[in-house]
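Structure first, commentary second.
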Amino acid sequence: MFERIYNWAWHTGRNIIEGERYDRNRGEKLLKELVFEIRGEETPGRFLERLSRRLLEYKTNVAIQVDVQMPREIFEGKWQGDEFYYLKSAILTGFLNALAYPGRGGVGGEGEDE
C-alpha cells in the first residue's frame, strides 16, 4: 500500500511541476511550498487536512489549475503510530524525488534534460 502512495505522490509532484508548462521554476516552487507546509505536521488529521487543502488550491485556483487528485485509501485508513509515519514518509519522499527527477518525460529517462 505504501508503494502505491509513494507512486501517487511522485506522479502528483511531477504533475505540479509540469503543470506550469510556461514556467518550470514556478511549478517547482509550488511543490516546495506544499512540502514545507506538510512536513512539520505530527498528527494524521492535521497532516491530511493541510495536504488536501493545498492540493485543492492547486486544482481550483484559476492561476494554477494543476490536475491533481488524492487517492481514496489515504482518507479511508486509520493512521496511528508507525503507520502514520510510513504514510507521511511515502508522501514526502515521493514529492522530494519528483523535485529531484531531471527528466520531463516518463520514468526511465525519456526526455531528460541535457
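Cβ-Cβ below 9 Å, separation at least six or inter-chain, first residue in region 23-50 and over 21 Å from Val66 (Cα atoms), second polar (S, T, N, Q) and outside any helix (DSSP H, G or I): which pairs? Here the result reads Pro44/Gln80, each pair linking region 23-50 to a residue that is polar (S, T, N, Q) and outside any helix (DSSP H, G or I). Of a type in the set (Asp, Glu), surrounded by 14 or more Cβ atoms within 10 Å (Cβ to Cβ) and closer than 21 Å to Asn97 by Cβ: does that describe Glu41? For Glu41, the condition - of a type in the set (Asp, Glu), surrounded by 14 or more Cβ atoms within 10 Å (Cβ to Cβ) and closer than 21 Å to Asn97 by Cβ - is met.
Restricted to region 12-90, the set of helices (runs of 4 or more DSSP H) holding at least 1 residues that are in contact with a helix residue (DSSP H, G or I) (Cβ under 7 Å, 6 or more places away or on another chain) and at pLDDT 90 or above comprises 24-38, 44-60.
Checked against (1) surrounded by fewer than 19 Cβ atoms within 10 Å (Cβ to Cβ); (2) within 24 Å of Tyr101 (Cα to Cα); (3) of a type outside the set (Phe, Trp, Tyr), Gly27 passes all but condition (1).
For region 19-37, a residue qualifies if it is in contact with a Lys or Arg (Cβ under 8 Å, 6 or more places away or on another chain) and within 24 Å of Arg72 (Cβ to Cβ), and the qualifying residues are Leu34, Glu37. What about Tyr85, is it of a type in the set (Phe, Trp, Tyr) and either touching a Pro at 6+ places or on another chain (Cβ under 6 Å) or surrounded by 15 or more Cβ atoms within 10 Å (Cβ to Cβ) (or both)? When the stated conditions are applied, Tyr85 does not pass them.
Taken over region 1-11, the criterion of being assigned to a helix (DSSP H, G or I), of a type outside the set (Gly, Ala, Ser) and surrounded by 13 or more Cβ atoms within 10 Å (Cβ to Cβ) is satisfied by Phe2, Ile5, Tyr6, Asn7, Trp8, Trp10, His11.
The values are calculated or read from the model by the stated rules, or taken from the named source; none is laboratory data. As the structure is a prediction and not an experimental result, all values here were calculated from the model. Ideal geometry is used to build each Cβ from the backbone, glycine not excepted, and the neighbour counts take in all protein chains shown.
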